[in-house]
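Here is the structure we will look at, set down as structure tokens.
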Amino acid sequence: MIMRPRQGEFSKSNWFAVYGILLYLTLGAVQAGTDITPTERVRGAVTEILSVLKNQSLDRDAKWVEIGRVINDGFDFRSMSQSILATNWRMATAEEKRQFVEFFAQYLEATYRDKIEAYSNQRVEYINELVRKDRAIVKTIIRTDATAIPVNYKLKLNDDGWYAYDVEIEGVSLVNNYRSTFAAIIKSEGMGGLLTDMQGRIDRYKVEHGGLPPQ
């Protein structure tokens, strides 16, 4: 079973490229703390990632070490994994949950590395934020030379600050997209089949690229 977005949802090349950019721009590690607003969290991520990408003193791997730090510090992969697997999360064993969170984080980094590195001159406009208790949505627009793409960032307030767990582009949710894809694999092959599939993809990336993106 091949893991891929559902037909038609992310088929446009600019959508896929923007997803690669936004996946990482949303994950920024600005100064931790509950006094940082969701918008400040996202804005800090954009600033930090762009600074890394434009730093000519860093080679490719050094840049990715910095990007990886931002990702790991800013994204709630467990909450994202739980949302993606939905009812399958409750039925999974503790070890299956641990493996899925680990594999999914590696899978996303491997999938989108080339896309984030291709980021160039897109501009981010911050529209507003909606906060309800421990959840928030930051609404932005990504402007390219030819298009204006509405993007919503979903964040969750943990004990030490806001963490991203989903991105919506033009109403299409990354979490919902993978939920449908993974649910189909689990239905036909079980949770073990999904983990085997993900591990196989990660292993192939390692062979093709000489390893995972550096941490």
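Read-outs throughout are calculated quantities, based only on the coordinates presented, and are distinct from any laboratory measurement. This structure is a prediction, so every number in the text was calculated from the model and none was measured. FYI the Cβ positions are ideal-geometry reconstructions off the backbone, even for glycines, and counts take in every protein chain you see.
First measure r as the distance between the Cβ atoms of residue 90 and residue 173, then evaluate 1/(1 + (r/R0)^6) with R0 = 25 Å and state the FRET efficiency to the nearest 0.05.
0.75
For segment 149-197, just say rounded, prolate or oblate: build the C-alpha gyration tensor, square-root its eigenvalues into a ≥ b ≥ c, call rounded for a/c under 1.5, and beyond that prolate if a/b exceeds b/c, oblate if not.
oblate
Going by amide H atoms built from the backbone, whose H comes under 5 Å of the H on residue 166, apart from near neighbours?
For residue 166, whose amide H was placed from the backbone, the distant partners under 5 Å are 154.
In the structure shown, do any of 54/156; 63/97; 97/156; 156/187; 97/154; 54/97 have a Cα-Cα gap over 27 Å, and if so which?
Beyond 27 Å: 54/156; 63/97; 156/187; 54/97.
Cut-off is 10 Å between beta-carbons; in what order do 80, 198, 91 appear when sorted fewest neighbours first?
Fewest-to-most Cβ neighbours within 10 Å comes out as 91, 198, 80.
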